[in-house]
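Input: a single structure, listed below in structure tokens.
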């Protein structure tokens with residue numbers, strides 16, 4: 001993504017290599033962008049970048065939900081092969 005490339009070029013001499021650097025930069029950027037700005041940046045993404053971004057969003061939210069609500073791993077499903085809707 002060109003936006004990330006530009007951010008990295010701008011900040012690369014100030015980065016320590018710690019993931020906290022990325023969190024601080026992301027938080028400050030998100031604080032400055034409007035919804036329309038975010039949607040414009042998303043429109044610039046290639047398909048693989050967009051799918052990857054949405055995939056990470058799904059994974060992180062599912063992990064958060066499972067951590068918050070727990071899992072029912074010890075409960076066996078009544079139907080061992082549930083039907084999935086695609």
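The values are calculated or read from the model by the stated rules, or taken from the named source; none is laboratory data. Remember, it's a predicted structure, so these values are computed and weren't measured experimentally. No Cβ is skipped: glycine too gets one built from the backbone with ideal geometry, and neighbour counts run over all protein chains shown.
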Test residue 44 against the stated conditions and say whether it is at pLDDT below 95 and over 15 Å from the mean Cα position of the chain (by Cα).
-> yes
Out of all the residues in segment 62-72, is one or more modelled with pLDDT of 85 or more and surrounded by 11 or more Cβ atoms within 10 Å (Cβ to Cβ)?
-> yes
Scan segment 27-48 for residues that are in a helix (DSSP H, G or I) and either out of contact with any helix residue (DSSP H, G or I) (no Cβ under 9 Å at 6 or more places or on another chain) or exposed (fewer than 11 other Cβ atoms within 10 Å of the Cβ) (or both) and report the count.
-> 13
Can you tell me which of 58, 62, 53 is out of contact with any strand residue (DSSP E or B) (no Cβ under 7 Å at 6 or more places or on another chain) and within 21 Å of residue 5 (Cα to Cα)?
-> 53
Does residue 23 qualify as being in a helix (DSSP H, G or I) and surrounded by fewer than 11 Cβ atoms within 10 Å (Cβ to Cβ)?
-> yes
